[in-house]
Every structure is written in C-alpha cells, then in structure tokens.
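**Q** Take a look at this one; I'll ask things after.
The values are calculated or read from the model by the stated rules, or taken from the named source; none is laboratory data. The shown structure was predicted, so the numbers you read here are calculated from the model rather than taken from an experiment. Don't worry about glycine lacking a Cβ; one is built from the backbone with ideal geometry, like all the others, and counts go over all protein chains shown. What goes into the accessible areas is simple: the full protein's heavy atoms, side chains included, and nothing from ligands, DNA or RNA. Shrake-Rupley method; radii C 1.70, N 1.55, O 1.52, S 1.80 Å.
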Amino acid sequence: MKWRYLDIGLIDPYEAMAVHEAMFISRIEQKSLDTLYLERYTSKSVFLGYHQCAEAELNLNYCRENDVKVVRRSTGGGAGYMDSKQLNYEVVVDRKMHNIPSDFVASYERIMDGFVEALKYIGLDAEFKPTNDLIVNGGKISGGCMARQNAILLQHGSLLVDFDMDTAFKVLNVPTIKYESKGLKSAKSRVSWINKELGYDVDLDELKAAIRKGFEKSFGIEFEDSGLTPYEEELVQDLLPKYRSTEFIYRL
Amino acid sequence: MKIDIPSYQQGLYKSAGGLIRVFLKEKDGKIDDILFTGDFFIFPEDSLNIMAQSLKNAALDKRIIIDTLKEVYLKENVDSPGATIGDFANAVMAATSR
C-alpha cells in the first residue's frame, strides 16, 4: 500500500494549519492518498488547542513583546510553544484501511508506533504514554492531537528535536493545578527532546529518513514523494484567512 | 464565544484527559452563563457549546449538572476521552463560591 510522503520544509505557522486542514478535507473527499507530512516553523509560535482560552492559557503580553505568533489549531489538546527547532508532523489516514482502532487512546498509540519504530533507528527507546504522549527516559518528547471524520483520521503534533524551555514557560501560563503536587521544577523535568536524549544534535535528514523507515515498518507501506495537490493548494488559500483571523485565534 | 473574563468566576479541575477550565456566572443559585474551556479532547468538537447551553438556568447542584450533561452526551453521542461527565461537573462546582 502506498502513502504520500510530503516534507514541506519551513512554513509559516498559520499557513501550516491551513495545509493540515486542507490535507484532511482532501483525504475525506478521497482526492488524495494517506499521508505522512513533515514541517518546521519559520517563527516562534504558540499553538492553542481548539477549546482553550487564549487569555487564560497564554502570557499574551510576552507573546506581543517577543514576536511569538499566537495560532489556534482546529484540534483539541493543550498549548505548545514551537520555533524552528522542532519537526512537526501530520498523519492523515483511512483508519479502516489500516485497522486503526476506533478507541481514541488506542488510535493515538497505533499512530505513535510509527515514531517509536523511527526513533529506534537513531538509538532512542521511546514509549507511548496515554493519552497522547511519546516518552523517552520519562521525558515527553512528542504529543499528538487528533481530528476525525468518518473513517479518516488526522493526527498532528511535534517531535521536539530541540526545545527552548525557558521561552516556553514564559509564553504558557501553566496552571498550578497541573504541577502543584510535584512543583514547577518537576513540570519542566517532564519535558525532554531528542538532542538532549542523544547527547548531540541529530542530523535532521537522518531523523526524517528514520521517520520514513519507521512508518514503513510499522504500517507495512511504501512511500511516494509528492507535494500538495492543486486541489489542496486551492483549499489552503481558502482556509488561510480563517487561521489568520483574530476572530478564530481569540474565539475563546 | 469571547467573554469578559474578570466578570466570571473560574473553576479548574484536572481530569485524566486534561485540564477543564470553567468560566461561570451564577445568579440566585443557578447558572446564568457558563463556558467550558481546556486542553482535553471532545468529539464532536462543538459539543461544549451544547453542554453550556443545556446548563443555562440549571441549579448549581452537582447531581443536576451530571444528569443534564448525561442527556447531552447521549443525544449528541459525545466522546471526551479521559474527561468524564463527573469531571465537568466538578469543574463547574469548583467555580462556585460555595
């Protein structure tokens, strides 16, 4: 079975969200293949979950003063700070064609297995932790967020290749209730990244090749390299105003 | 729905599926206005608006809140992995002044 492999390189974070939704719509309409998509962001950005309140979750003054773009996803989950040092992904697949469970947590685990296999190729032993995390040596190096329509599943997230934790904790208002039993130091210690775990800076091309091989092994598929289809490009232009609009970004 | 945050009471509850943050206005022991936010997952995505709408004018009583939300979950086929109806009710009660 063939999947599309699409590495778009560096991309503006608002445009990225439009690309993510465009690929989802296109797959729902059966106008494209199952896809593994990779990207990195051109700028410092913070991504709000669809149900999060911007004012409560973010230090908006800090974002304004430090050129951190505030972006909202169309998927649930928590806010994440990103810059160009992470490798972000989207997987769009027909759940039924790959026997991916309907249970949400089980389906996260199934998709994450592609990354578990991938990270083995660079010498990291990762494990899935419910609800939607990927852990190496107890530290979260990746999370995923999901949308579904009928049998089509979209999962997107970020692999922390490197991570500016100090800026992240200035951007995010992490509520005390999330770490009160163990302290902020502990909250920070629960985050990790690939370069930290490896002890050196991974070569991005090597990591991408590992991801490709990991998914081929996990799903028994072959990739064909391809860009966005003309239909998806058209959808991106239609969707972009929504992701750039203050009405959507600050809807809550 | 954009709200004037300072004019609302806030309640936080950490569920297994994520943090639930409720903004609440109460009047005479009833829910005058309510907004559910947070980092949990809920499907369909628009369920939260329907849940909030269903609770308008409901008594601030955990049992009543649970029963009201149960009806929405059944009717709308809501799935919120790791965040139970009881968790949402706890978040509402955490926002109350009592």
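**Q** What is the projected area of the convex hull of the Cα atoms of the protein assembly as shown, averaged over all directions, in nm²? Present the calculation step by step, with values, prior to reporting the outcome.
**A** Numbers: hull surface 68.5 nm².
Over all viewing directions, the protein assembly as shown projects a mean Cα-hull area of 17.1 nm².
**Q** Then there's this: Starting from the Cα of A:SER43, step 7 Å along the direction of its Cβ; do the same at B:LYS70; then give the gap between the two resulting points in nm.
**A** Taking the two extended label points, one gets 5.0 nm.
**Q** Run the numbers on chain B and let me know its relative contact order in percent, using alpha-carbon pairs under 8 Å that are six or more apart.
**A** Rounded, it is 33 percent for chain B.
**Q** Can I ask one more? Given the options A:SER218, A:SER107, B:PRO81, identify the residue whose Cα lies farthest towards the positive end of the charge dipole of the protein assembly as shown (+1 on Cβ of Lys, Arg; -1 on Cβ of Asp, Glu).
**A** Positive-most Cα among the choices belongs to B:PRO81.
**Q** What translational diffusion coefficient, to the nearest whole µm²/s, does the range A:185-252 have by Stokes-Einstein, given a Kirkwood radius computed over alpha-carbon pairs, a temperature of 20 °C and 1.002 mPa s viscosity?
**A** 130 µm²/s
**Q** If you don't mind, there's one more thing I want to ask. Average partner chain C-beta neighbours within 10 Å, per residue of A:50-60?
**A** Partner-chain Cβ atoms within 10 Å, mean over residues of A:50-60: 5.
**Q** Full-extension gain between A:ASP125 and A:TYR231, please, as 0.36 nm times their residue separation minus the C-alpha to C-alpha distance.
**A** Going from the current span to full extension adds 34.3 nm.
**Q** Go ahead and run the numbers for FRET between A:GLN149 and B:ASP28, Cβ-Cβ distance against an R0 of 30 Å, rounding to 0.05.
**A** For A:GLN149 and B:ASP28, the calculated efficiency is 0.10.
**Q** Mean separation of Cα pairs under 8 Å and 6+ residues apart, divided by the residue count of chain A: what relative contact order is that in percent? Please report the intermediate quantities before stating the final value.
**A** Details: 470 pairs, mean separation 71.3, N = 252.
Here the relative contact order equals 28 percent.
**Q** If you place +1 on the Cβ of every Lys and Arg and -1 on the Cβ of every Asp and Glu, how big does the dipole about the Cα centre of the protein assembly as shown come out, in debye to the nearest 20?
**A** Charge dipole of the protein assembly as shown: 1100 debye, to the nearest 20.
**Q** With each label point set 7 Å from Cα along the Cα-Cβ vector, what nm distance links A:LYS217 and A:ILE8?
**A** If labels sit at A:LYS217 and A:ILE8, their model points lie 2.9 nm apart.
**Q** Now a separate question. Leaving out ligands and nucleic acids, and using a 1.4 Å probe, what accessible area per residue does chain A come to in Å²?
**A** Value returned for chain A: 41 Å² of accessible area per residue.
**Q** Now for a different question. Please give, to one decimal in nm, the separation of the simple spin-label points placed at A:MET97 and A:TYR200, each 7 Å out from Cα toward the Cβ.
**A** Modelled inter-label distance: 3.9 nm.
**Q** Compute the length gained on full extension between A:SER245 and A:GLU65: take 0.36 nm times their separation in residues and subtract their Cα-Cα distance, giving the result in nm to one decimal.
**A** 62.8 nm
**Q** Can you give the calculated 222 nm mean residue ellipticity of chain A, where each DSSP H run of n ≥ 4 adds -39,500 (n - 2.57) and the sum is split over every residue, rounded to the nearest 500 deg cm²/dmol?
**A** After summing the helix terms and dividing by residue count, I get -11500 deg cm²/dmol.
**Q** Give me the extension gain from A:ALA106 to A:ASP162: residue separation times 0.36 nm, minus the current Cα-Cα distance, reported in nm with one decimal.
**A** Length gained, A:ALA106 through A:ASP162: 17.4 nm.
**Q** Here is a further query. Give me the percent of accessible area attributable to carbon and sulfur for the range A:2-249, probe 1.4 angstrom.
**A** Here it works out to 46 percent.
**Q** Please report, in whole Å³, the volume per residue of the convex hull around the C-alpha atoms of the range B:9-95.
**A** On the way: hull volume 6.0 nm³, N = 87.
About 69 Å³ per residue, rounded to a whole number.
**Q** Would you mind putting A:122-135, A:213-226 in packing order, based on average other-beta-carbon counts within 10 Å, highest first?
**A** Top of the packing list down: A:122-135, A:213-226.
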